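Nothing in this text is a laboratory measurement; each read-out follows from the coordinates by a stated rule. Remember, predicted model here, so these are calculated numbers, not experimental data. Heads up, the Cβs are rebuilt from the backbone with ideal geometry, glycines too, and the neighbour counts pull from every protein chain shown.
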Amino acid sequence: MNILDEYLKEKGFITNKEAEKLGIKRYKLAELVHKGKLERVKNGVYKKKDDIDDELVLISYNNEKVIFSFHTALFLLGLSDRIPNSFHISVPQGYNVGHIKKRMNNIKVHYIKKENFDIGIITVKTAFGNEVKCYDMERSICDIVSKRNVMDKQIFVDAITGYFNSKEKNMRNLIKYSRILGVEDEIRKYMEVL
């Protein structure tokens, strides 16, 4: 097995820049595409021809400022069993997502104040075993509480109940985040009931 095969087996995708770090020239990637061994997923990003696309990776690849949030984060964290029909991402206010929306039409973008954007970012594995960034449970709970009036009621109830029954919950972070994000009173109401 060569270096490229090993890299693709581990990561699923490779960029021009990553290939060059491994000593693989860009023309070699183009040659492999022409031979049908690689597929160009988007500009400068390649995968093995017959591999199944991990859409979460396609959305976030080379987009450092894209964090999965709301319904998508709840699904990734196991707080919802409903596969989202559109991918919810959060980006800092002012970030241009046009390049992502051109490729994927099933994206819901949430623009976040820059000072609150980094709160609760973690890395999780997708169903395909690839790593992506999403908000942690506490941030996700704060986010859905802030948008509870437009959330699907069943997803909301399942996520809140799942969180408060979880052994991995971190009440200290939940209160800290809720204070910063302006939903502390609402969070405390749910804490009293559950």
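Along the chain, counting only trypsin sites (Lys or Arg not before Pro) with a DSSP assignment other than H, G, I, E or B and at most 11 other Cβ atoms inside a 10 Å radius, the longest segment between sites is 36-112. Which of 120, 129, 23 ends up with the largest GNM mean-square fluctuation for the chain, with Cα atoms connected below 10 Å? Result for the chain, Cα springs under 10 Å: 23 fluctuates most. Against the set (1) 1.29; (2) 0.95; (3) 1.05, the structure's computed Rg/Rh (Cα atoms, Kirkwood Rh) falls on (3).
Extension gain for residue 121-residue 96 works out to 7.0 nm (0.36 nm per residue, less the C-alpha to C-alpha distance). Between the beta carbons of residue 37 and residue 65, assuming R0 = 35 Å, the FRET efficiency works out to 0.65 to the nearest 0.05.
In this calculation the C-beta distance from residue 170 to residue 113 is compared with R0 = 22 Å, giving a FRET efficiency of 0.45.
With a point put 7 Å past each Cα toward its Cβ, work out how far residue 18 is from residue 149 in nm, to one decimal. A separation of 4.3 nm, rounded to one decimal place. To check you understand DSSP bridge types, tell me what percent of the beta bridges within region 43-155 (both residues inside) are antiparallel, rounded to 5. The answer is about 50 percent antiparallel.
Taking the C-alpha atoms only, the angle from helix 184-193 to the longest principal axis of the chain is near 70 degrees.
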